[in-house]
Each structure stands twice: as C-alpha cells, then as structure tokens.
Amino acid sequence: MGSVYRGTMFLKATGFDHAYARNRVGVYLLMKVIDDLCADPTVDVLDFGPGDAEYKRLFSNDGVRERNLVVFAPTFRARRINAIRTGILGSARLVHRIVNATKLTARVKARWRGRLREAR
C-alpha cells in the first residue's frame with residue numbers, strides 16, 4: 001500500500017508471510033512495484049518510510065536520518081512527564097544497544113514475528 005504525492009511514492013505498508021519467506025515473494029513483488037514506478041513519469045522518488053530493514057538497504061541508494069522533537073511546557077507537571085519519558089526511553093535505548101552488541105537483533109525480530117504469527 002502506498003500513495004503518490006508531488007512525485008514521491010510513499011510506501012505505507014508492506015507485508016510478510018513466513019510461509020513464503022524461502023521463495024522471497026516480497027522481494028519479487030517489491031521489484032515489480034519499482035519496475036512499475038520507473039515506467040510512471042509522474043513518480044521520481046520511492047520513499048520506504050521510517051525504520052531500518054534489509055530490503056531498504058538493498059533497494060535504495062540514499063537515506064535520510066530523522067528525529068522527533070518533543071517540546072514540553074515550562075511547568076512542573078510537564079517537566080515530570082518529560083523526566084518519566086526520558087527514563088523509559090533511556091532504558092529502551094540501553095536494551096537496544098545490548099541486543100545489538102550481542103548480535104541478537106535478528107533473532108529477537110524473528111522470535112517477535114513468530115509470536116505475532118502464533119497470535120493470529
């Protein structure tokens with residue numbers, strides 16, 4: 001799924017079905033989408049959207065790193081909310097670094113996808 005705006009195709013959602021992972025059906029489908037976009041004179045750019053994934057590295061030659069900016073009011077309540085948020089995000093970053101340092105990221109993602117499949 002996606003939409004085109006001012007010459008850019010924005011991918012909104014891609015799919016993955018583990019049953020067909022070995023056949024790389026998603027890669028084939030993405031190649032067909034790119035082929036169709038190359039033939040469309042109104043589209044100049046394909047934007048894969050946020051996040052880091054292997055297919056994005058394989059099918060792109062440029063990238064932009066983005067960050068969110070959150071502004072809090074100068075009140076005690078807002079500062080307290082920001083402190084709690086910072087603690088939660090800091091803990092999440094620490095876990096992410098540990099997982100990356102031990103090269104467990106791919107295994108964790110695979111296990112997560114497996115649990116999501118089982119939940120259906």
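We did not get these values from a lab; they are worked out from the coordinates using the rules stated. Note that the coordinates shown come from a computational prediction; the quantities given were computed from them, not determined experimentally. Note: ideal-geometry Cβ built from the backbone for every residue, glycine included; neighbour counts use all protein chains shown.
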- [ ] At most 13 other Cβ atoms within 10 Å and a DSSP loop assignment: could you name the trypsin sites (Lys or Arg not before Pro) in the range 46-87 that fit?
- [x] Arg65, Arg67
Task: Within-13-Å neighbourhood charge of Phe48 [Cβ basis; K, R +1; D, E -1] - done: -2
- [ ] With runs of 4+ DSSP H residues as the only contributors, calculate the mean residue ellipticity of the chain at 222 nm using -39,500 (n - 2.57) per run, divided by the residue total and rounded to the nearest 500.
- [x] -16500 deg cm²/dmol
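Report the calculated FRET efficiency for Ala19 and Asp52 (r = Cβ-Cβ distance, R0 = 25 Å), to the nearest 0.05.
Details: r = 25 Å, r/R0 = 0.98.
It comes out at approximately 0.55.
For the range 68-120, compute Rh as the Kirkwood radius over C-alpha pairs and then the Stokes-Einstein diffusion coefficient at 4 °C and 1.567 mPa s; write the answer in µm²/s, rounded to an integer.
Value of D from the Cα-based Kirkwood radius: 95 µm²/s.
How large is the dipole of the chain about the Cα centre if only Lys and Arg carry +1 and Asp and Glu carry -1, each at its Cβ, rounded to the nearest 20 debye?
Values: 23 positive and 11 negative charges, 220 e Å.
The dipole of the chain has a size of about 1060 debye.
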Task: Label corresponding to mean projected area of the Cα convex hull in nm² when calculated from the structure given, among [x] 8.0; [y] 11.1; [z] 12.7 - done: [y]
